[in-house]
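One structure is given below, encoded as structure tokens.
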Amino acid sequence: MMGLERYFAVIAGKEKAKYLIAKKSGVLDKKISEAEKLMEKCGLCERKCGVNRLRGEKGFCGVGKEMKVFSAFAHFGEEPELVPSATVFLSGCTLRCVFCQNAPESIDPDSGNVWDPEDVAKYAEKMYSQGCTNLNFVGGEPTPNLLGILKSLKACNTNLPVVWNSNAYYSEKTSKILEGFVDLYLLDFKYFNNKCATRLSAAPGYLGAAKRNLLNASRDSEVLIRHLVLPSHTECCTKPFLRWVYKSLGENTRLNIMDQYYPAFKAHGFEEINRRLDPLEFENVVKYAKKIGLKNLV
């Protein structure tokens, strides 16, 4: 696929996964120290709760010092370039999307079991031997678990590209820590309107954070963007988002416009999204994306 040349080179064994390079150079150890420092007054996500998570204090996400995993398996339902994907579903999330399809498990910081770095290393080796093409950290949300992820990668030696599968609501300091060990940013850009983000995901300032982090990601590595089309939100969120992608990242940006919305979790309490997406709504969005010049759609 256009724009993911290095990702495929790692899969083919022609390049080393970035984390292996960072590990060998000692950069990974520095990033572990930076993440620990950031957790002393937690500023991993855009909320910047300020709690000392190293001492057991918890903020909005509820995640403690240890990394918990509520599911892990070879995923065949991802974008074609990711299949099969060695997914690690991490407990806890920085958002509260009322339509979350993985809730309540995904937002419960106590769901699942604690995984040590060695557990992740063994899992990565096993999945690699079974033909998985990447190591995919998702959730919930990987951001609150950044320290555990970094320590896990230090224990790993498998040449699998690392996928940072995130809601893009992380802080600028976290964005800097991510630089140099992520092979593919899989960012789920949810809204292009802060009122919608606050109302439906309890995410104040989402738009600025997501735009900043996506631009930083595109400068650091390769990106694949997801956008779930919400009913009644094509004019306030989807179309402005598509225009911004075209203008800021270019026509060949790899983009997955998704149509699988359904009113899960607490969506029944919000009238405009208490229904499935109309096929015509989605068809019009895809036509619009192509009309403005986006050429690399999943």
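The values are calculated or read from the model by the stated rules, or taken from the named source; none is laboratory data. Quick caveat, the model's predicted, so the values are computed rather than measured. Cβ coordinates were reconstructed from backbone atoms using ideal geometry, including for glycine residues, and neighbour counts include every protein chain displayed. With ligands, DNA and RNA removed, areas are computed over all heavy atoms of the protein, side chains included. Shrake-Rupley method; radii C 1.70, N 1.55, O 1.52, S 1.80 Å.
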**Residues of segment 32-61 classified as in a helix (DSSP H, G or I), more than 21 Å from Val163 (Cα to Cα), open to solvent by 40 Å² or more (accessible area, probe 1.4 Å) and not small (Gly, Ala, Ser), total** = 5
**Condition met for Leu230 (crowded, with 19+ Cβ neighbours inside 10 Å and either of a type in the set (Gly, Ala, Ser) or under 17 Å from the mean Cα position of the chain (by Cα) (or both))** = no
**Message:** Name the single residue that is most open to solvent (accessible area, probe 1.4 Å) among those in segment 239-298 being touching a Gly at 6+ places or on another chain (Cβ under 8 Å) and not in a loop (DSSP other than H, G, I, E, B).
**Reply:** Tyr246
**Request:** Go through segment 62-93 and count every residue that is open to solvent by 20 Å² or more (accessible area, probe 1.4 Å), in a loop (DSSP other than H, G, I, E, B) and out of contact with any Phe, Trp or Tyr (no Cβ under 6 Å at 6 or more places or on another chain).
**Result:** 5
**Request:** Identify all residues within segment 122-160 that are over 20 Å from the mean Cα position of the chain (by Cα) and under 17 Å from Lys31 (Cβ atoms); write none if there are none.
**Result:** Lys154, Ala155, Cys156
